[in-house]
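The values are calculated or read from the model by the stated rules, or taken from the named source; none is laboratory data. These numbers were taken from a predicted model, which means no experiment stands behind them. Don't worry about glycine lacking a Cβ; one is built from the backbone with ideal geometry, like all the others, and counts go over all protein chains shown. Each accessible area value is taken on the protein alone, full model and side chains, heavy atoms only, with ligands, DNA and RNA left out. Shrake-Rupley method; radii C 1.70, N 1.55, O 1.52, S 1.80 Å.
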Amino acid sequence: QQPIDKKDIVLVASVINTTNPYMASMIEGAKALSKKLDVPLEIVDSEGSSQTEISKIQAILAQGKKVALMVNTVASSDAPPIVNAVKAAGGYVTVWWNKPDNFEPWDQGDNFVAFQKHSGVESGQCTAKALADSIGGKGNIVALAGVLDSTTSQTRVAGLKDALKAYPDVNLLDTRPANWDPQLGLKETQNLLAKYGDKIDGIWAADDGMIIGAVQAVKDAGRINDVKFASDGLYPPVIDMMKSKMGGGAIAGETFHRGFMAAAIGLYTSYLAATGEIKPSELPKEKRNSLFKLSCVTPDNLADHTKYDGDIDGWMDTLIEKGPWDTEPVPLVSGGPEKLP
Amino acid sequence: MTDKDTGAGLLEAPAPSQPPHRTRRRFDAKNLGEVLALVGLIAVFAALNPTTFLTPENVRTILDHSSIPLIVGVGATLVILTGSIDLSVEGVMGAAGMTFVLMTANSRGSTDFGPWAIVAGIAVGVALGLMSGLIHTRLRVPSFIVTLGVWFVGLGIATVLFGDRAIPFLPDGGIKGWPSTLTFGLPNSFLLAAVFILAGIFVTRFTRLGRFAYAIGDSEEISQGNGIPVQRYKVYVFVVAGACSGAAGVLASLELGAGSATVGVGTLFVTIAAVVIGGTSLGGGKGGILRTAIGVLMLTVLNNGLILSGVSPNIQTAVSGTVLIVAVLVASWPHRSRLRIVK
Amino acid sequence: MSKKALLEQPASLPAAEAPKNKPGLRRPRNLWYTAGPFAVFLALFVLVAVLRPAFLTGGGLAILTVQAAPILLVALGQAMVLHVGSIDLSNAAIVIFAAIILAQTLGPLGPAAPVVTIALVTLIGAANGFLVAFGQIPSFALTLGTLGILQAASLVVSNATTVYATANTQLLAPLFGTALAGLPMAFWVGVVLAASLWAMLRFTKAGEGMTAVGLNETGALFSGLQTRWLKVVAFALSGLLAGVAGILVIAQAGAASSFGLGSDLLLPGIAAAIVGGTAITGGTTNPINIVFGALTVALVPIGAAAVGVTPQAQSLVYGLVIIAAVALTMSRSRGEVVK
Amino acid sequence: MSNASLAPRTGVETPALRLANVSKSFGSTHAVKNVSLEIPRHEVVGLIGENGAGKSTLLKILTGLYQPDSGVIEAAGRPVRFRKPQDAVAAGIGVVHQEQSLLSNLSVAENIAMNALSSKDAATRGGFYRWKRLNAEAAEILARVGSTIDPRTKVGDLSFVDRQMVEIARALRVDEAVHAAPLVILDEPTSVLERNETAILEREIRSLREIGSVLFVSHRLDEVLRICDRVVVMRHGEVVADVRREEVTEDDLFRLMIGQESRARVRRAGSAAGETPAVEVRGLGHRGHFKDVSFSVSAGRSLAIVGAMGSGRESVCRALFGAEPFDSGTLEVAGRPVQGWSMRKAVRKGLAYIPSERKVEGMVGGLSAAENLTLVHPREAARGPFLRRRARVKAAEEWFERLDVRPRDPHLPLGRFSGGNQQKVVMAKWLRAEELSVIILDHPLRGLDPGASQTVNDQIRAAQEGGAAVILLPDTLEEALEMADEILVMRDGEITARFDLSVVAPTSLDLLEKMV
Ligand SMILES: Nc1ncnc2c1ncn2[C@@H]1O[C@H](COP(=O)(O)OP(=O)(O)OP(=O)(O)O)[C@@H](O)[C@H]1O
Ligand SMILES: Nc1ncnc2c1ncn2[C@@H]1O[C@H](COP(=O)(O)OP(=O)(O)OP(=O)(O)O)[C@@H](O)[C@H]1O
Ligand SMILES: [Mg+2]
Ligand SMILES: [Mg+2]
């Protein structure tokens, strides 16, 4: 396929919703990259629905535009129809976070440029470790998972359970799905607090959206000084909680990865393929099914990670300079697919 | 054929004389059925979880969790009594909640209007309820579809208000802690819900609004013929429902301590299921707010009890679904007949 | 009951009366009522095409029909249930359940898998209908319950993960791979099913019986119609059509998961049925118009995105357009009670 | 209306209500054409006319439910416009509609006071109900019509007759609401009433005449002549006669209404009992409804069951047709005992049931007349699962001709025909069955005008001659005596007497004696 002229390209970033801080950050990153590259951008809001996601992406394709698409798929099964549609329209797509296991970019041709994610297992492991350490390697914890059928949530929970093997005295009492939602995080935590009372020493969540509700529930129960939290994503509100040493350092562990980085890396990968700067079929497999570095954050090393949020433009410059696979703090670390422990 | 005999042959003979005074039935056994089911559920879970279920802590959790569906249930019951339905609950809660959060002191630092923020939140509910009511009555679009649309409209307003900036948090202290603070040993959120329920019962027994809701649900045409301004009262009912959803949105935001467009998530199905389980007929005209309250408590107890009993989340919806079906089946079994029409 | 039915009886009729017409044909209803759903769709489509001409040239219609196909199937099933005066809240859950079953059986069973899947979900639909008709449970409550049960069943069967169709996917490929008149087969399948249902309602005893049940179930009962079985048929059809929609999910995505593609068809399905002129009170359904209802419902998000409504405001637009579309296409008559 | 001093000084002779050239049409139907009439004070005016003559429409205009297309209405000498029901109430007009219009889930007191409740009257204070006062007022009005219903009872829990009394009580409430002399309008209030209640109503109408005036619609010409001072006859939407009671006989009225002579009533020649009964019940019982009911009817014979309200005769008929269950005894159709009896099986065995609640049970108003016609026994207008629309329309046209259904449009939804014509179609749908064995008629003439009644009666006889057994629940004892070969009397769910009319000829009084 011929490279597409830069002025014909449209960047498209598809996000699950517009109100989750991670998604907001993705939009921010997409906008910043679009400005840097001077290529127009469209945002697709899936409103949490696969149907909506696919139809909106198709609507953009329908206008005959040549897209460089980054899509944070709502569910794994969304990837094939999106890839097929993009392929048919002659665009390029990079998928973030979810795809079917056997649906590999190299089997689909150049238009499916790459699949990218941060390791879920690693995320679960590092937050589990931080949480277990913070309660002195001994005690009871509960876990809040995401939507039941989400692979992201499942890998993180698998990581949590794996890491806990090293802590025989830490007991995982219960795992409840809270659908990534703060309100459900609140309710489920309240139920768990009622069920286990003062037994709970730590709360783990698959994502910071839910930890916001969990923290609120624990505060209401007056136990914020007794319970530790660990979760994934280091959302801005959680940074504040860590910085303020809320509950005497209640937030024990986090992971660092950024929506704006994910969106920009994904978009930029597609963009490079669209302009012909990379030829996907010539890339090694780990660059087409990639796991990016995920940093474990504890209150001690928090400061190392907050610097990026203030300088998104600067980071974009580095990205464009170094390329999608080699930009700190999220360089490519290995190829997928992710293996469950 | 004309009747040539005069007088004597008019129709049938006099009916056997009736008992002089038939008193109205205030309480029928069916009411007790739902209460018994609730007691039964409590007994089962108390037996399964002797150390955790009936603790004050857990009872408070249950009451706290029931508060939002209870408040929404007051409006939903009124609407359903008129024979309409209000699906817009979650959207209205989102819009009202976001409005409230952004108008009170919050981490985004927008202007703080103090208590007016609560008023504004409820006003958004009222406005959306008014919109539903007016479109439903003026354009004569079925309430099902109007409120489905308004659900999305509310969600859209909430999303626009949320924008793409950081989550607005409520500051610690202040009113954020109010819902979970205890008064007389009960969470304020539940006490507020109780006030709504009592007010709702009062409205349905003693005011035109409530009585006319029943009348309209029985038959709109007859109500119209009896001079009830049907369309106007339907609008009122939707406004009340909007206000209830608005208040629930404000309460939910207070509980969460942050603004969220999806603050109402899951409320609609719980509420409607509670109305149905309570025995209010979706056809309108039959039922009541107390019944809905019992239905809400049943569902909240069920949900909480299942979690306490360690039922796998994968099958939890199946258990709730089965209980819903069994509850309705048991409630309607005595009324089965070959002529009964059930929609 | 009696009083209400008595009064609502004449109400469900459209007001306009045409003079005597050809024998063998039902009196033509109000023209707008017949053509409304098509006109609304056309107007919206033209609006989008004018604001964004590229939408038309880029094969917008084909994309639209891809999206509309599953909505159409679910809406047709819903309309059959609405036609007999009930509602089916579980049909989207059936879609997912069917898709998961199909994904698991397509490899081992091959061509028999879709048949088995459809048979299974038709039975599930029939079970819904059986409980509604013979258990005398209001359908709203019953299907709310079966919705929960089916959701759990999907999670259990799929082990709460994504299930992939591993082999024989080529069997389903023509659904979205082949086109007829520029539109995918999947959509034509929906259109053919709509036409068959239209003919069923119009030309068969069962169809007329279902109409009678929807208009006045007591009257139908006293005429010796098997009203209860007719309801079972309606629910079974809803299950069957949901099963076909499940097949489309696998044809499109090759995989299914409990909360993935197809899980959120309930509300669009109901909206499409009603935008297509189906009376929520029963007895008035035109399956052909539901095709346009489904197209309209599918067009709104696509169109809004295409004409560049900001993402945050899109659900607002969706809500308003659905209300407006129904307000425009609904059949109303003087004095009719609208609930 | 409120300010009497503004009224033109027209003296005592000002009629309570005057209509001048009032017209109302629905589409192409001129329901009411140029009607002018006066209802003087202290007079009871009867209004009669065929089904569909426009009576109900006229009354709906007078009560604010419809707006006239043209014409003037004057109340107490001043032109008025009733835009909503309360306007009419404010002008002192109370009404009992032809179809009951009570809210069944509200209490009796609320229903009686509804017009006041919905118009900021003293019954409420700032939107709040004054229950005590409501109940007291209602009890007082109910006492006036001789009813002992507790005003707090839910209307839905009342019997049909009690509900009618509540309707009447509500109409009477207008004289509480305003001080002007009330006009009470009664649209066929007696067609559903028992004799003693009719008597109470008559008394009440007479006492109303003392304070105001009454407009009274009925198909019972004898009753009209007994109660009314004057009779207005409508035909095709127009007033064709306005006569004083003394000037006319029932036959005159009949002729004025229908435009032809009333036929003399002849008793049908009795037919002998056949060998095998078409239907036979032995010891049939259903707890709480009826017990130990035994009878048989053979082909070509007719059996009438008479009894008071609550005698259980309707339940027996419904059990025969499979609409209600029975828990003891046997039912044999064509000599064979039935098992798992249902309406569907009944229809298959050639039973027909014409229920009294026509609009709910007897038909599907939203379907066309032709479709209704083939709703039962569809096989005769179908090929396999497919309908034969042409054959059906032909059948419909034929039956329309035979029964003189008007309008002659089988495509019109049945709900839009007038009651009498609906009843003809309902009859036709059963009569066209190829093997009709038993026809059960529950008040087949209720609400029908005399002309329509004749047509329907003719059809019943024709069916009987065609070999069907007839079971009839008649409106009047005379009807039973005229139509039946055998009469059963029921009381409290049991048969108290049997009369074989070929052996004895009982009088109405004989029957009455066994009923109470
Ligand atoms: N709402 C309506 N819409 C259309 N036509 C109507 C309507 N109401 C009445 N009509 C027409 O007006 C005519 C008169 O009807 P109306 O009900 O006044 O008759 P009626 O004299 O009360 O008959 P009955 O003795 O059966 O009660 C009918 O034949 C009918 O065609
Ligand atoms: N929605 C409607 N549209 C058109 N015509 C109507 C409608 N409703 C009623 N009608 C007409 O109004 C007339 C009166 O209707 P109604 O049902 O009162 O019959 P009726 O003649 O009073 O019956 P009955 O003889 O039992 O007293 C009928 O002739 C019917 O055709
Ligand atoms: Mg009439
Ligand atoms: Mg009549």
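Tell me which of these A:Ala143 doesn't satisfy, since it passes every other one: (1) part of a strand (DSSP E or B); (2) open to solvent by 10 Å² or more (accessible area, probe 1.4 Å).
Looking at each condition in turn, A:Ala143 falls short on (2).
Could you tell me how many of the residues in the range A:42-77 are open to solvent by 30 Å² or more (accessible area, probe 1.4 Å) and in contact (Cβ under 8 Å) with a residue 40 or more places away in the chain?
Initial filter on the range A:42-77 (open to solvent by 30 Å² or more (accessible area, probe 1.4 Å)): A:42-43, A:47-48, A:64-66, A:74.
So of that shortlist, the ones also in contact (Cβ under 8 Å) with a residue 40 or more places away in the chain come out as A:65-66, A:74.
Matching residues across the range A:42-77 total 3.
Any residue at all in the range B:141-156 that is more than 21 Å from the chain's Cα centre (by Cα) and in a helix (DSSP H, G or I)? Steps first, please.
Just the residues of the range B:141-156 that are more than 21 Å from the chain's Cα centre (by Cα), to begin with: B:141, B:156.
From what is left, the residues that are in a helix (DSSP H, G or I) are B:156.
Yes, the conditions are met somewhere in the range B:141-156.
Pairs please, first residue from the range D:56-76 and touching a residue at least 40 places away in the same chain (Cβ under 8 Å) and in a loop (DSSP other than H, G, I, E, B), second anywhere and among the β-branched types (Val, Ile, Thr) and within 16 Å of ligand 2 (Cβ to nearest atom), Cβ atoms under 6 Å, 6+ apart in sequence or on different chains.
D:Thr63/D:Val95; D:Pro68/D:Ile61
Does C:Ala126 satisfy being open to solvent by less than 10 Å² (accessible area, probe 1.4 Å) and closer than 20 Å to C:Ala152 by Cα? Outline the logic, then answer.
Details: open to solvent by less than 10 Å² (accessible area, probe 1.4 Å): no; closer than 20 Å to C:Ala152 by Cα: yes.
No: the conditions fail for C:Ala126.
Kindly indicate which of A:Gly310, A:Gly323 is over 17 Å from the mean Cα position of the chain (by Cα) and on the phi > 0 side of the Ramachandran plot.
Numbers: A:Gly310 fails: on the phi > 0 side of the Ramachandran plot.
Criteria check complete, one pass: A:Gly323.
Among the listed residues B:Ala318, B:Ala261, identify the single one that is within 11 Å of chain C (Cβ to nearest Cβ), buried (at least 24 other Cβ atoms within 10 Å of the Cβ) and more than 25 Å from D:Asn105 (Cα to Cα). I'd like the intermediate steps shown before the answer.
Values: B:Ala318 fails: buried (at least 24 other Cβ atoms within 10 Å of the Cβ).
Every option except B:Ala261 fails the conditions.
I'd like to know if the range D:125-133 contains one or more residues that are outside the structural domain of D:Val184 (by TED's automatic domain parsing), more than 16 Å from ligand 1 (Cβ to nearest atom) and open to solvent by less than 40 Å² (accessible area, probe 1.4 Å). Outline the logic, then answer.
Step one: list which residues in the range D:125-133 are outside the structural domain of D:Val184 (by TED's automatic domain parsing), which gives D:125-133.
After this cut, where a residue has to be more than 16 Å from ligand 1 (Cβ to nearest atom) as well, the list is D:125-133.
Among the residues that remain, those that are also open to solvent by less than 40 Å² (accessible area, probe 1.4 Å) are: D:127, D:129.
Yes: one or more hits.
Is it true that D:Gly52 is in the same structural domain as D:Phe254 (by TED's automatic domain parsing), within 16 Å of ligand 3 (Cβ to nearest atom), open to solvent by less than 40 Å² (accessible area, probe 1.4 Å) and of a type outside the set (D, E, K, R)?
Working: in the same structural domain as D:Phe254 (by TED's automatic domain parsing): yes; within 16 Å of ligand 3 (Cβ to nearest atom): yes; open to solvent by less than 40 Å² (accessible area, probe 1.4 Å): no; of a type outside the set (D, E, K, R): yes.
Answer is no for this residue.
Considering only residues of the range D:502-516 that are farther than 12 Å from D:Ser311 by Cβ and either among the β-branched types (Val, Ile, Thr) or open to solvent by 30 Å² or more (accessible area, probe 1.4 Å) (or both), which is nearest to the other protein chains (Cβ to nearest Cβ)?
Checked the range D:502-516; the qualifying residue nearest to the other protein chains (Cβ to nearest Cβ) is D:Leu509.
Just wondering, is there one or more residues in the range D:476-492 that are within 30 Å of D:Ala53 (Cβ to Cβ) and away from chain B (no Cβ under 14 Å)?
The first filter runs over the range D:476-492 and keeps only residues within 30 Å of D:Ala53 (Cβ to Cβ), leaving D:476-483.
With the extra rule that they be away from chain B (no Cβ under 14 Å), the set shrinks to none.
No; the residues of the range D:476-492 include none that is within 30 Å of D:Ala53 (Cβ to Cβ) and away from chain B (no Cβ under 14 Å).
If I filter the range D:426-447 down to residues being among the aliphatic types (A, V, I, L, M) and within 12 Å of ligand 2 (Cβ to nearest atom), which single residue comes out as nearest to the chain's Cα centre (by Cα)? Working first, answer last.
Taking the range D:426-447 first, the residues among the aliphatic types (A, V, I, L, M) are D:426-428, D:431, D:433, D:436, D:438-441, D:445.
Filter again for within 12 Å of ligand 2 (Cβ to nearest atom), leaving D:426, D:445.
On the way: D:Val426: 15, D:Leu445: 8 Å.
In this case the residue turns out to be D:Leu445.
Within the range D:11-46, take every residue that is among the polar types (S, T, N, Q) and open to solvent by 80 Å² or more (accessible area, probe 1.4 Å) and give me the one that is modelled with the lowest pLDDT. Don't jump to the end; show me each part of the working.
Taking the range D:11-46 and keeping what is among the polar types (S, T, N, Q), we get D:14, D:21, D:23, D:25, D:28-29, D:34, D:36.
Checking the rest, the ones that are also open to solvent by 80 Å² or more (accessible area, probe 1.4 Å) come to D:21, D:28, D:34.
Working: D:Asn21: 92, D:Ser28: 71, D:Asn34: 91.
It comes out as D:Ser28.
Yes/no matrix, rows are residues, columns are (1) under 23 Å from the mean Cα position of the chain (by Cα); (2) in contact (Cβ under 8 Å) with a residue 12 or more places away in the chain; (3) within 11 Å of another protein chain (Cβ to nearest Cβ); (4) within 16 Å of ligand 4 (Cβ to nearest atom):
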site	(1), (2), (3), (4)
D:Ala199	yes, no, yes, no
D:Leu221	yes, yes, yes, yes
D:Leu225	yes, yes, yes, no
D:Ile258	yes, yes, yes, yes
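Return the total of residues in the range A:215-248 being more than 25 Å from B:Pro56 (Cβ to Cβ) and within 11 Å of chain B (Cβ to nearest Cβ).
9
Would you point out the residue of the range C:148-171, among those that are among the aliphatic types (A, V, I, L, M), open to solvent by 20 Å² or more (accessible area, probe 1.4 Å) and touching a Leu at 6+ places or on another chain (Cβ under 8 Å), that is farthest from the other protein chains (Cβ to nearest Cβ)? Break it down into steps so the answer makes sense when it comes.
We begin by selecting, within the range C:148-171, every residue among the aliphatic types (A, V, I, L, M); these are C:149-150, C:152-153, C:155-157, C:160, C:163, C:165, C:167, C:171.
When the remaining residues are screened for being open to solvent by 20 Å² or more (accessible area, probe 1.4 Å), the result is C:149, C:153, C:156-157, C:167, C:171.
Next cut, touching a Leu at 6+ places or on another chain (Cβ under 8 Å) only: C:167, C:171.
Working: C:Ala167: 11, C:Leu171: 16 Å.
So, considering only residues that are among the aliphatic types (A, V, I, L, M), open to solvent by 20 Å² or more (accessible area, probe 1.4 Å) and touching a Leu at 6+ places or on another chain (Cβ under 8 Å), the one farthest from the other protein chains (Cβ to nearest Cβ) is C:Leu171.
Suppose we filter the range D:301-333 for residues that are assigned to a loop (DSSP other than H, G, I, E, B) and within 13 Å of another protein chain (Cβ to nearest Cβ); how many remain? Walk me through how you get there before you give the answer.
Taking the range D:301-333 and keeping what is assigned to a loop (DSSP other than H, G, I, E, B), we get D:301, D:308-312, D:322-327.
Among the residues that remain, those that are also within 13 Å of another protein chain (Cβ to nearest Cβ) are: D:308-312, D:322-326.
Count: 10.
Criterion first (in contact with a Gly (Cβ under 9 Å, 6 or more places away or on another chain), open to solvent by 50 Å² or more (accessible area, probe 1.4 Å) and farther than 13 Å from B:Val250 by Cα) does B:Leu155 satisfy it? Quick ask: steps written out before the conclusion?
On the way: in contact with a Gly (Cβ under 9 Å, 6 or more places away or on another chain): yes; open to solvent by 50 Å² or more (accessible area, probe 1.4 Å): no; farther than 13 Å from B:Val250 by Cα: yes.
Here the answer is no, as B:Leu155 does not meet what is asked.
From the list D:Pro79, D:Pro68, which residue is in contact with a strand residue (DSSP E or B) (Cβ under 8 Å, 6 or more places away or on another chain), surrounded by fewer than 17 Cβ atoms within 10 Å (Cβ to Cβ), in the same structural domain as D:Asp251 (by TED's automatic domain parsing) and over 19 Å from D:Val232 (Cα atoms)? First the steps, then the outcome.
Working: D:Pro68 fails: surrounded by fewer than 17 Cβ atoms within 10 Å (Cβ to Cβ).
Matching residue, one of D:Pro79, D:Pro68: D:Pro79.
For the range D:445-468, name all the residues that are within 15 Å of ligand 1 (Cβ to nearest atom) and assigned to a loop (DSSP other than H, G, I, E, B).
Scanning the range D:445-468 gives D:Leu445, D:Arg446, D:Gly447, D:Leu448, D:Asp449.
Identify, please: which residue in the range D:392-420 is open to solvent by 20 Å² or more (accessible area, probe 1.4 Å) and within 16 Å of ligand 4 (Cβ to nearest atom) and is, among those, farthest from the other protein chains (Cβ to nearest Cβ)?
Per the criteria, the residue is D:Arg406.
Residue-wise test of (1) over 29 Å from C:Leu320 (Cβ atoms); (2) away from chain D (no Cβ under 14 Å); (3) surrounded by 24 or more Cβ atoms within 10 Å (Cβ to Cβ).
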{"site": "C:Val213", "(1), (2), (3)": "yes, no, yes"}
{"site": "C:Asn216", "(1), (2), (3)": "yes, no, yes"}
{"site": "C:Phe222", "(1), (2), (3)": "yes, no, yes"}
{"site": "C:Trp229", "(1), (2), (3)": "yes, no, no"}
{"site": "C:Ala272", "(1), (2), (3)": "no, yes, yes"}
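May I ask you to list the residues in the range B:206-239 that are assigned to a loop (DSSP other than H, G, I, E, B) and surrounded by 23 or more Cβ atoms within 10 Å (Cβ to Cβ)?
Within the range B:206-239, the subset assigned to a loop (DSSP other than H, G, I, E, B) is B:219, B:226-229.
Matches in the range B:206-239: B:Ser219, B:Asn226, B:Ile228.
Report those strands (runs of 3 or more DSSP E) wholly inside the range A:206-299 carrying at least 3 residues which are touching a helix residue (DSSP H, G or I) at 6+ places or on another chain (Cβ under 9 Å), buried (at least 23 other Cβ atoms within 10 Å of the Cβ) and not aliphatic (A, V, I, L, M). Break it down stepwise before answering.
Details: elements: A:228-230, A:251-256, A:289-292, A:295-297.
Qualifying strands (runs of 3 or more DSSP E): A:251-256.
Mind checking which residues of the range C:277-288 are away from every other protein chain (no Cβ under 14 Å) and open to solvent by less than 10 Å² (accessible area, probe 1.4 Å)? Let's see the steps before the verdict.
We begin by selecting, within the range C:277-288, every residue away from every other protein chain (no Cβ under 14 Å); these are C:286-288.
Residue satisfying the conditions is C:Pro287 alone.
Hey, D:Val426 hits all of (1) within 14 Å of chain C (Cβ to nearest Cβ); (2) part of a loop (DSSP other than H, G, I, E, B) but one; which does it fall short on?
(2)
Just the residues that are among the hydrophobic types (A, V, I, L, M, F, W, C), assigned to a loop (DSSP other than H, G, I, E, B) and in contact with a Gly (Cβ under 8 Å, 6 or more places away or on another chain), please, taken from the range C:78-97.
Our first condition is that a residue be among the hydrophobic types (A, V, I, L, M, F, W, C); within the range C:78-97, this holds for C:79-82, C:84, C:87, C:89, C:92-97.
Keeping just the survivors that are assigned to a loop (DSSP other than H, G, I, E, B) gives C:84, C:87, C:89.
C:Val84 - this is the single residue of the range C:78-97 that is among the hydrophobic types (A, V, I, L, M, F, W, C), assigned to a loop (DSSP other than H, G, I, E, B) and in contact with a Gly (Cβ under 8 Å, 6 or more places away or on another chain).
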